[in-house]
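The values are calculated or read from the model by the stated rules, or taken from the named source; none is laboratory data. Just so we're clear, the structure is a prediction, and the values are computed from it rather than from any experiment. Neighbour counts are summed over all protein chains in view; Cβ atoms, including those assigned to glycine, are modelled from backbone coordinates with ideal geometry.
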Amino acid sequence: MSNTLSSAPMSIPCPSCGREIKKTVGYFKLHSDVGCTSCGARIALDNSEFRRNVNRADRELSKLNREVDKFNREMRRLARKFR
């Protein structure tokens, strides 16, 4: 299970031509602008709130992964006990 959302695909519509601009969550998190490959428009990204939300989601995903790992270890322990 991945501990980050950075590689997840994401798209936004170009405000000039309406075409989808497809990048990853990590790209939108790290960059302050993006170019439309269809019409060439540059779009400024106000991503400070997005960055905070992705960071928060990454922390929660990490917690969930730890709980799943703990659960899996316990299930393996119980399976060995009842063999």
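Among the residues in region 24-33, are any among the hydroxyl-bearing types (S, T, Y), modelled with pLDDT of 95 or more and part of a strand (DSSP E or B)?
Checking region 24-33: at least one residue is among the hydroxyl-bearing types (S, T, Y), modelled with pLDDT of 95 or more and part of a strand (DSSP E or B).
Can you tell me which of (1) exposed (fewer than 10 other Cβ atoms within 10 Å of the Cβ); (2) over 23 Å from T4 (Cβ atoms); (3) touching a residue at least 12 places away in the same chain (Cβ under 8 Å) is the one D33 doesn't meet?
Going through the list (1) exposed (fewer than 10 other Cβ atoms within 10 Å of the Cβ); (2) over 23 Å from T4 (Cβ atoms); (3) touching a residue at least 12 places away in the same chain (Cβ under 8 Å), D33 breaks only (2).
Can you name the residue in region 47-77 that is among the basic types (K, R) and closer than 28 Å to F28 by Cα and is also surrounded by the most Cβ atoms within 10 Å (Cβ to Cβ) among such residues?
First pass over region 47-77, keeping only residues among the basic types (K, R): 51-52, 56, 59, 63, 66, 70, 73, 76-77.
Narrowing further to those that are closer than 28 Å to F28 by Cα: 51-52, 56, 59, 63, 66.
Working: R51: 13, R52: 11, R56: 10, R59: 11, K63: 10, R66: 11.
It comes out as R51.
How many residues does region 46-83 hold that are closer than 30 Å to P15 by Cβ, among the charged types (D, E, K, R) and either within 12 Å of the chain's Cα centre (by Cα) or assigned to a helix (DSSP H, G or I) (or both)?
Number satisfying all stated conditions: 5.
Assigned to a helix (DSSP H, G or I), under 14 Å from the mean Cα position of the chain (by Cα) and either of a type in the set (V, I, T) or modelled with pLDDT under 95 (or both): is that true of N3 in this structure?
Against the criterion (assigned to a helix (DSSP H, G or I), under 14 Å from the mean Cα position of the chain (by Cα) and either of a type in the set (V, I, T) or modelled with pLDDT under 95 (or both)), N3 does not qualify.
Listed residues I12, I43, I21; which is on the phi < 0 side of the Ramachandran plot, free of Cβ contacts under 8 Å to residues at least 24 places away in the same chain and not in a loop (DSSP other than H, G, I, E, B)?
I21
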